[in-house]
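As structure tokens, the structure follows; a few thoughts come after it.
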Amino acid sequence: MDPFLKRKQSRSKLTDVMIFRNRWWQHLIFWGVAFTILLNIFRSSGSLEKIDVIYTLIFAVPLAAVVYLNLYIGIPRLLRTERYLFFALAFLMLIAVGAFFLYQLFDSWIDLILPGYYFISYYSVPVLMLYTGSFLVLSTLLKLSRSWFLLLRVERMTAGQRLQSLQSQINPHFLLNSLQTIYALSLEKSERTPEVILQLSEVLKYNLYDTDQSAIKLEKELGMISDYVDMYRHRVDPALTEIKLEVKGDPDELNIAPMLLIPFIENAFKHGLRGNPGHAFIHIGMGIVDGKLKFEVRNSYGTNEEVDLEETQGIGIDNTRQRLELLYPGMHKLEIEDLSATFSVKLNLELK
């Protein structure tokens, strides 16, 4: 099959998957069902009137506001950081404020917004608190149930992923090339031989003993990445390949999930050094400011590479997306850009 056609088909598959998993569809379905239920509650007669639709739309806007404040601030910032008391207080405050806002909206403010409709407040504040509370509880349960499902899925795959980590991140081909590099250095009686052996042992030690923890020191993760990159530096011709690793800022006491960044780096080495008749490059940059990590990796993308996009964005990157969503909800932003000659990944991550 023509490589361009294969890549086009792979892009189509990825697009279909992204549409299927798009959260916008989930939110549209939720609010579509909610609007239908509210519309049937509020309609003034047996037949549906325009005024019923307008009333329901106005009523739903404050409900949506409190729901999304809880989903994108309350749950990520308070519940997931185990500040349960603050979350409970914020939750109750959202219920009360949302109910009071709805009461005031239909009791007095609505006449200023839509003076010709003469809407009135049918419910008291306690009844409106039942509405806001019901929407908050339901949306919270849906959010947590999705996270629990992902957690169960990740836990079920953990044992297989640990084995897969040695195969995909530090695969046998990488180990073979590393041993060949060490052998060549030993024949030359190079002073770098002990350093390369030590780097290889540190990378293997990290994969064997540290990846079963939920979080490790960021400094340790960066050290493993540095060793990983240096191992590749010994295997390429510096005149034809440019490899840069730049770290700015102090990791201090910050923690990060182990092996979270390495799939992106491994992907860059796997595909960035392939199919480039001229100069190849891999640039890795990390900046740490106020507990936030800005990570970026860019690599050349050979025109005659026979690896299609589906393989490029394979299970390693897909699993990393899921881990980010589970471990850092509302605390990360991931951007992946695939151009004809370059491939780049940008990740902004708020560390705990």
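Specify the residue that is surrounded by the fewest Cβ atoms within 10 Å (Cβ to Cβ); the eligible residues are those in segment 114-144 that are in a loop (DSSP other than H, G, I, E, B) and of a type in the set (Phe, Trp, Tyr). Taking the candidates together, the pick is Tyr118. The residues of segment 295-312 that are modelled with pLDDT under 95, touching a Lys or Arg at 6+ places or on another chain (Cβ under 8 Å) and either part of a strand (DSSP E or B) or not β-branched (Val, Ile, Thr) (or both), listed by number, are Gly302, Glu305, Asp308, Leu309, Glu310. The set of residues in segment 78-113 that are under 16 Å from Leu144 (Cβ atoms), β-branched (Val, Ile, Thr) and surrounded by 19 or more Cβ atoms within 10 Å (Cβ to Cβ) is empty.
Scanning segment 248-261 for residues that are in contact with a Gly (Cβ under 9 Å, 6 or more places away or on another chain) and not charged (D, E, K, R) gives Gly249, Leu254.
Has segment 31-52 got at least one residue that is assigned to a helix (DSSP H, G or I), among the small types (Gly, Ala, Ser) and assigned by TED's automatic domain parsing to the domain that holds Ile120? For segment 31-52, residues assigned to a helix (DSSP H, G or I), among the small types (Gly, Ala, Ser) and assigned by TED's automatic domain parsing to the domain that holds Ile120: present.
Please find, within segment 313-352, the residue that is surrounded by the most Cβ atoms within 10 Å (Cβ to Cβ) out of those that are of a type in the set (Val, Ile, Thr) and at pLDDT 85 or above. Among them, the one singled out is Val345. Only one entry in Gln180, Gln169 is modelled with pLDDT under 80, surrounded by 16 or more Cβ atoms within 10 Å (Cβ to Cβ), over 30 Å from Ala60 (Cα atoms) and of a type outside the set (Ser, Thr, Tyr), namely Gln169. Among the conditions (1) in a helix (DSSP H, G or I); (2) surrounded by fewer than 20 Cβ atoms within 10 Å (Cβ to Cβ), the only one that Phe264 does not satisfy is (2).
The values are calculated or read from the model by the stated rules, or taken from the named source; none is laboratory data. On a predicted model such as this, the values are computed, not experimentally measured, just so you know. Glycine also receives a Cβ, built like all others from the backbone with ideal geometry; neighbour counts cover every protein chain displayed.
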